[in-house]
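*Asks:* My questions all concern the structure below.
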4 protein chains.
Amino acid sequence: MINVGIVGGTGYTGGELARLICNHSGMDLTAMTSRGNAGKPVSSVHGYLKGYVDLDFKSSIDGDEDVDLVFLATPHGVSMEHVPHLLDMGLKVVDLSGDYRLDDEAVYRKWYGKGHEDQDNLAKAVYGLPELFRDKISKAQLVANPGCYPTASILALAPLYAADLVDGDVIIDAKSGTSGAGINPTARTHHPNCGESVIAYNSGKHRHQPEIDLILHKLGGGGDVYFSPHLVPIISGILASCYLDVKDEMTTGELQDLYSKFYSGERFVHVTEEGSIRDVVGSNHCQVAPVCMGGRKVAVFSSIDNLVKGASGQAVQCANIMCGLPEGMGIDFPGLGV
Amino acid sequence: MINVGIVGGTGYTGGELARLICNHSGMDLTAMTSRGNAGKPVSSVHGYLKGYVDLDFKSSIDGDEDVDLVFLATPHGVSMEHVPHLLDMGLKVVDLSGDYRLDDEAVYRKWYGKGHEDQDNLAKAVYGLPELFRDKISKAQLVANPGCYPTASILALAPLYAADLVDGDVIIDAKSGTSGAGINPTARTHHPNCGESVIAYNSGKHRHQPEIDLILHKLGGGGDVYFSPHLVPIISGILASCYLDVKDEMTTGELQDLYSKFYSGERFVHVTEEGSIRDVVGSNHCQVAPVCMGGRKVAVFSSIDNLVKGASGQAVQCANIMCGLPEGMGIDFPGLGV
Amino acid sequence: MINVGIVGGTGYTGGELARLICNHSGMDLTAMTSRGNAGKPVSSVHGYLKGYVDLDFKSSIDGDEDVDLVFLATPHGVSMEHVPHLLDMGLKVVDLSGDYRLDDEAVYRKWYGKGHEDQDNLAKAVYGLPELFRDKISKAQLVANPGCYPTASILALAPLYAADLVDGDVIIDAKSGTSGAGINPTARTHHPNCGESVIAYNSGKHRHQPEIDLILHKLGGGGDVYFSPHLVPIISGILASCYLDVKDEMTTGELQDLYSKFYSGERFVHVTEEGSIRDVVGSNHCQVAPVCMGGRKVAVFSSIDNLVKGASGQAVQCANIMCGLPEGMGIDFPGLGV
Amino acid sequence: MINVGIVGGTGYTGGELARLICNHSGMDLTAMTSRGNAGKPVSSVHGYLKGYVDLDFKSSIDGDEDVDLVFLATPHGVSMEHVPHLLDMGLKVVDLSGDYRLDDEAVYRKWYGKGHEDQDNLAKAVYGLPELFRDKISKAQLVANPGCYPTASILALAPLYAADLVDGDVIIDAKSGTSGAGINPTARTHHPNCGESVIAYNSGKHRHQPEIDLILHKLGGGGDVYFSPHLVPIISGILASCYLDVKDEMTTGELQDLYSKFYSGERFVHVTEEGSIRDVVGSNHCQVAPVCMGGRKVAVFSSIDNLVKGASGQAVQCANIMCGLPEGMGIDFPGLGV
């Protein structure tokens, strides 16, 4: 049994981690921290965990816990305060923030607006997308869990980049549910403001753009990635609609074949004909639908649950791999369907 | 032309007032105040008013404006700071807060948690529900515009109280859209929290309960009113579902007749067969659907747009009456339909 | 291992049953029928089951399947065509329709508009609400799984009826998500019609009213039950708001104590302070929040996921009990939380 | 006073036309047809029009009406059955279907799957986008009202095409509310299916693609238009997100200037900084937000209410122009705001 701790357990990804681990037959949740709620029962903050998580929040992981692996569900900039210490304690770490995803300190500085304080570990961290980096994850002590948008986007585009079929730039128009904005109320996520609207934000300026660009270019050549996120009035789920030219004309059938081969054997990635969020909500699955729009223009629609495959589910998937457990343990169930 | 000012123009009711007045052929909006946004263009806060309201927010109405009537879209407790001064200036006032709705200071103190600082005017204020108090409104200098829930609830029950048909207590189970909670983001109105939920709150403890009870008992006898509000994930609209016993069995047909006669000639109240919000959204109309549930048990469903008939539209309706304008001027248009 | 079949697998409850059973460690799903989709893969209809249910739909259960227990996810009136035959084959049956819930044929005829064709089994069927009828369910061959509204309503009111505390009639104002209306598109569930509305329907005329009334009066005395359902724009979940007088004044604290004792030891019923749907969505849990509204007036808010505790989850719970499996097997996980 | 008729008045665009005309000071609605609802009061189908439209539906416009102008709110393929006859009667016609938008019969045949039966008038019809073709509209007897997606898309891109700044292909990723799918319930618009999802459909295959491409290329050069529509769970509104390269790098400021000049003096098009639907819902306004994404990559976000500026509001705008009325008469009001 692997004992795990969650640092930063107040937010949505922290609660979701606890939800997954409480039914995980290879992991025990032994500690959960929250600066603001230390001392309170976890289920007083996450009511749906009543009867499943009987811990009180601690203020920090301080070494006297029975913990083998720690999930950091902390904000960007906070994770790198914790990582060196946790690694020194010999713990495995899966960081859900953006702190260890970009391998170049200058790029980090540009997009996160501050210097990186733990460059040694930045160089050692493995990007936690199992479908692409399973082997490295299995040997890593520190995994940088991908962002929600990058998970959907990279899975959408990896087969084309890996086959060196991309000609020119790629546009990613992504639509996210509001839980992606986190647990703190804001004007943007105030229901009267967002409930019947679609909002474009940070086009070309979102931190997930360099992350997507970096990973895809590790797989193959192709032009720049331009990322344009939108907020839509659903709670959970992301649909990433990706547009690009392939080098030579391909039919939808040829695209579907390429994708089916690329993801053959993958438990959590499915090639479908239509882009839609519904079937993946509540699950760790990703649906990828490549379509020929005419000529060499290709659209790929990729959908995930942003809190599961886009965050906590994938973190558990990585942790399973790191700990030698079956990769799907605790996360291998279908979406809600309705 | 009546010149009007809006005090407290940052919120939803303030914006809605401006929206209605900008197309009102008998009123000009000459001043709009906001403590927090003084100096800024109104349309920088309310983007949809661009091209319609060219004012900048002022910090207060100070007497040098060209104003005949003031709408107070200020919070409870703040309105009574403004009213004495405005009345002294000879202005007509329509107050959208709860400050002047309860005619008994002790009741105000109990439900609003503080003493009333303007008891003289409290005694003079007229309750601004035109369908019941049209004559008094026409002579009033100060009108207390009804709350959103009370508007729906009182219009639902007035015909039965007025005919002295109510036997015992009345239950009002009301469902409100999230705009009723105001413009400030809260945990309750954070989309991930409320977007797929229904939340019961303040059952028997909401300030609108004594308001409904007070007005209905001015019309006739009957037991106590118990009010139970709920938040539902729509932006605009209230459905008040009211349950009671009538003294003698009545069929749905008899109820429909009673209601049709009571509201005969009313432009903004319609007797319908089904309770539903859809048809009234975006309008000043109220739909009332009385139904026999069996025996002497009666249900009455009443729907309004909480920001129009439930707030700003009704305030304009009252102002029209106070100023001798046609009652429906500026607010006589159908709902959106879709 | 219990082999189970699902008859009528095209709809939401059929899909939900399959979703639950595919991760149930004591049950195997060996057959799933659909008249309209016979021959097609189940996952072509329920995309979210891809990788979890590898069956094709059959046209019927005909005896050559390896089946110990059958779930009937068939419409009212259709289940009673199947039940006699399945019972004769020695199978256990959990019927999710309304066909065997009312023990009086005359009442069935009145509310379902047709005679009952299987009165022998009608008399033998056990009402499948484990928290009240666990023992009988454990010995039953045929269980009538409760309706979604009755599950929420009866769990809300059982403690008061059982303690003989109810004085006079009970009003149940229930709010349901749209999945309760089933998989077939209708004008009422067309998104532009329902997406920003609340609709009251069948007040005092819904078939769930006599079902609630029947079961509650088996527990104790009290006046009639009046049931008033509403459609709200959420997909999953029911909040039943129940209003009544208790015989003697009770504080909220006393009510909470009574409920906590009544449901002590129940895995799936929780006494809470606030009525809200959010925490139970995606789970088999029910939250019940009793509140004193003032005087002897009591409100009880009860929330469930209509497709889980209100249908398929409860059906699995009953099947577990009938088969001697742990009651929570396959359904003991928390709600989604977000 | 211009007397107008509406053919095909059962649907959303027909109801919306009636809603606008009933408050239009230069038009009277004298006839409204519906094959399926002939003889019934209009307000029995469109409940929100009660008190505003007192007509019964007729089965057709047959010449004895007092009508100067007809709006065809009929499906594609049906309009061209009506147009020749109506034009022969000397009436002005605004057709809201796609029948007269494509000026090339071969293109029509390809995208609409049938031959065009009224090629003479096809050649004479004027495309009803006032901001681009105001003069032609003023002289036209037959106006082809633009589609909802094309209105948003063309207004987004016209300034760049007209200035010959577009380098290569254009991607339009559009998000539409469900009212765009029309009044008939379908599986796609069934609330449980669409309420928490985003669905991509007809990418590169939608009939609005050639319409957008045709009109933009009348303004200037540039590559092909690729159109990718999505359904989002809002009722009203479209956000079209357009992506392209400009020939030389432009800052967001330069783009804003270009757009502000291009739309200078336009009452219904506003250049904004952020793409969002909220402010235009319920209005005839369009917001256009051009943004530099980096390098020569530009995003333009364009939002409209699909039933107003995207259909019935624009039809009234065209009719005003055709009849010599002030262009904004009856449609010059702000959006709902909330």
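*Asks:* Say the dipole of chain A comes from +1 at the beta carbon of Lys and Arg and -1 at that of Asp and Glu; which of A:Pro334, A:Val93, A:Tyr161 then lies farthest toward its positive end?
*Replies:* Among A:Pro334, A:Val93, A:Tyr161, the one farthest towards the positive end of the dipole of chain A is A:Pro334.
*Asks:* Where is the GNM fluctuation largest for chain C (alpha-carbon springs, 10 angstrom cutoff): C:Ile212, C:Ile183, C:Ile154?
*Replies:* C:Ile183
*Asks:* A further question on this structure: Mind checking the dipole of chain D: about its Cα centre, +1 per Lys or Arg Cβ, -1 per Asp or Glu Cβ, Debye to the nearest 20?
*Replies:* Values: 26 positive and 41 negative charges, 125 e Å.
Here chain D has a charge dipole of around 600 debye.
*Asks:* Would you mind checking the tilt of helix A:208-219 against the longest principal axis of the Cα atoms of chain A, expressed as 0 to 90 degrees and rounded to 10?
*Replies:* Computed tilt is about 70 degrees.
*Asks:* Also: How far is helix D:79-88 tilted off the main Cα axis of chain D, in degrees rounded to 10, range 0 to 90?
*Replies:* Relative to chain D, helix D:79-88 is tipped by roughly 60 degrees.
*Asks:* Then there is this: Taking neighbour counts of Cβ atoms within 10 Å as a proxy for exposure, in what order, fewest first, do B:Val198, C:Val271 appear? Each step should come with its number before you reach the end.
*Replies:* Values: B:Val198 29, C:Val271 20.
Ascending number of Cβ neighbours within 10 Å: C:Val271, B:Val198.
*Asks:* Here's something else I'd like to know. I want to verify a result. In a Gaussian network model of chain A, Cα cutoff 10 Å, which of these has the top mean-square fluctuation: A:Cys194, A:Cys292, A:Cys323?
*Replies:* The residue that fluctuates most here is A:Cys194.
*Asks:* Calculate for chain D the 222 nm mean residue ellipticity that helices alone would give, adding -39,500 (n - 2.57) per DSSP H run of length 4 or more and normalising by residue count, nearest 500 deg cm²/dmol.
*Replies:* -8500 deg cm²/dmol
*Asks:* Please report the net charge: other residues with Cβ closer than 13 Å to the Cβ of C:Cys323, K and R +1, D and E -1. Walk me through the numbers before you get to the answer.
*Replies:* Values: positive: C:Lys92, C:Lys139; negative: C:Asp28, C:Asp68, C:Glu327.
Summing Lys/Arg as +1 and Asp/Glu as -1 gives -1.
*Asks:* Same structure, new question: In peptide A:47-55, how many Cβ atoms from other protein chains are near each Cβ within 10 Å, on average?
*Replies:* 5
*Asks:* Mind listing the Cα extents of chain C along all three principal axes, in Å, largest one first?
*Replies:* Between the extreme Cα coordinates on each principal axis of chain C lie 61, 45, 38 Å.
*Asks:* Run through the DSSP bridge list for the protein assembly as shown and note the antiparallel percent, rounded to the nearest 5.
*Replies:* Given both bridge residues lie in the protein assembly as shown, the antiparallel proportion sits at roughly 50 percent.
*Asks:* Within the set of other residues whose C-beta is less than 10 Å from the C-beta of A:Val308, count the net charge using Lys and Arg as +1 and Asp and Glu as -1. All intermediate terms of the calculation are to be shown ahead of the outcome.
*Replies:* Working: positive: A:Arg19, A:Lys309; negative: A:Glu16, A:Asp305.
Net of charged neighbours comes to 0.
*Asks:* Rounded, prolate or oblate: which fits the stretch B:130-186, taking a ≥ b ≥ c as square roots of the Cα gyration tensor eigenvalues, rounded meaning a/c under 1.5, else prolate when a/b beats b/c?
*Replies:* oblate
*Asks:* Expressed as an acute angle from 0 to 90° and rounded to the nearest 10, what is the orientation of the C-alpha long axis of helix C:313-322 relative to the principal long axis of chain C?
*Replies:* Once rounded, the angle reads 70 degrees.
*Asks:* Gap in Å between the Cα centre of the stretch D:187-262 and the Cα centre of the stretch B:166-226?
*Replies:* 42
*Asks:* Which distances, in nm and shortest first, link the B:Glu254 label point to the same label point in every other copy, taking 7 Å along Cα→Cβ?
*Replies:* Spelled out, the distances from B:Glu254's label point are 3.8, 7.8, 7.9 nm.
*Asks:* Let me know the shape class of the stretch C:1-62, please: from the alpha-carbon gyration tensor, a ≥ b ≥ c as square roots of the eigenvalues, rounded when a/c is under 1.5, otherwise prolate if a/b is greater than b/c, or oblate.
*Replies:* Oblate.
*Asks:* One decimal, nm, shortest first: give the distances between the label point of A:Pro75 and those of the same position in the other copies, each label point 7 Å from Cα along Cα→Cβ.
*Replies:* Ordered by distance, the counterparts are at 2.4, 5.4, 5.4 nm.
*Asks:* Using a cut-off of 18 Å between alpha-carbon atoms, which aspartates and glutamates can reach A:Lys309, once sequence neighbours fewer than 8 places away in the same chain are excluded?
*Replies:* Straight-line reach from A:Lys309, under 18 Å: A:Glu16, A:Asp95, A:Glu131, A:Glu211, A:Glu266, A:Asp279, A:Glu327, A:Asp332, D:Glu196.
*Asks:* Oh, and also: When A:Lys139, B:Lys297, B:Lys136, A:Lys261 are ordered from fewest to most other Cβ atoms inside 10 Å of their Cβ, what list results?
*Replies:* A:Lys139, A:Lys261, B:Lys136, B:Lys297
*Asks:* For chains A and D related by rotation, which residue of A has the Cβ nearest the axis, and what is the rounded distance in Å?
*Replies:* Axis-proximal residue of A, distance in whole Å: A:Asp173, 2.
*Asks:* Around B:Ser34, with a cut-off of 9 angstrom between Cβ atoms, what is the net charge of the other residues, counting Lys and Arg +1 and Asp and Glu -1?
*Replies:* It works out to a net charge of +3.
*Asks:* Now a separate question. For chain D, what relative contact order do you get, as a whole percent, if you take Cα pairs closer than 8 Å and at least 6 residues apart?
*Replies:* The value is 18 percent.
*Asks:* What are the ³J(HN,Hα) values, in whole Hz, obtained from phi via the Karplus relation 6.51 cos²θ - 1.76 cosθ + 1.60 with θ = phi - 60°, for each residue of the stretch C:192-197 in sequence order, with x given for Gly and Pro?
*Replies:* x, 7, 10, x, 10, 9
*Asks:* Taking the beta-carbon count within 10 Å as an exposure proxy, list C:Ser44, A:Ser79, B:Ser236 from fewest neighbours to most.
*Replies:* Neighbour counts put them in this order, fewest first: C:Ser44, A:Ser79, B:Ser236.
*Asks:* While we're on this one: Rounded to the nearest 20 debye, what is the charge dipole size of the stretch B:31-166 about its Cα centre when +1 sits on each Lys and Arg Cβ and -1 on each Asp and Glu Cβ?
*Replies:* That gives the stretch B:31-166 a dipole magnitude of about 440 debye.
*Asks:* State to the nearest 20 debye the size of the charge dipole of the protein assembly as shown about its Cα centre, where the only charges are +1 on K and R beta carbons and -1 on D and E beta carbons.
*Replies:* Dipole about the Cα centre, nearest 20: 0 debye.
*Asks:* Taking the label point as lying 7 angstrom from Cα along the Cα-to-Cβ axis, what are the distances from B:Thr186 to the corresponding position in the remaining copies, in ascending order and in nanometres?
*Replies:* Here B:Thr186 shows inter-copy label distances of 2.1, 3.4, 4.0 nm.
*Asks:* Also: Using a Förster distance of 22 Å, how high is the FRET efficiency between A:Thr251 and A:Ala162, based on the Cβ-Cβ distance and rounded to 0.05?
*Replies:* After rounding, the FRET efficiency stands at 0.65.
*Asks:* Farthest toward the dipole's positive end in chain D, which of D:Tyr112, D:Ala187, D:Ala144, given Cβ charges of +1 (Lys, Arg) and -1 (Asp, Glu) about the Cα centre?
*Replies:* Of D:Tyr112, D:Ala187, D:Ala144, it is D:Ala187.
*Asks:* Treating the protein assembly as shown as a set of equal point scatterers at the Cα positions, no solvent, please give the Debye-formula log₁₀ I(q)/I(0) at q = 0.05, 0.07, 0.08 Å⁻¹.
*Replies:* -0.37, -0.76, -1.02
*Asks:* For q values of 0.13, 0.16, 0.19, 0.20 Å⁻¹, compute log₁₀ I(q)/I(0) with the Debye formula on a Cα-only model of the stretch B:149-306, without solvent.
*Replies:* -0.58, -0.86, -1.16, -1.26
*Asks:* Mean-square fluctuation check for chain A, GNM, Cα pairs under 10 Å: which of A:Phe301, A:Phe71, A:Phe133 is largest?
*Replies:* Comparing A:Phe301, A:Phe71, A:Phe133 in the GNM, the peak value goes to A:Phe133.
*Asks:* Which shape class, rounded, prolate or oblate, goes with the stretch A:196-255 when its Cα gyration tensor gives a ≥ b ≥ c as root eigenvalues, a/c under 1.5 marks rounded, and past that a/b bigger than b/c marks prolate?
*Replies:* oblate
Where a number appears in this text, it was derived from the coordinates with a stated rule and is not lab data. Remember, it's a predicted structure, so these values are computed and weren't measured experimentally. So basically every Cβ, Gly included, is an ideal-geometry build from the backbone, and we count neighbours across all protein chains shown.
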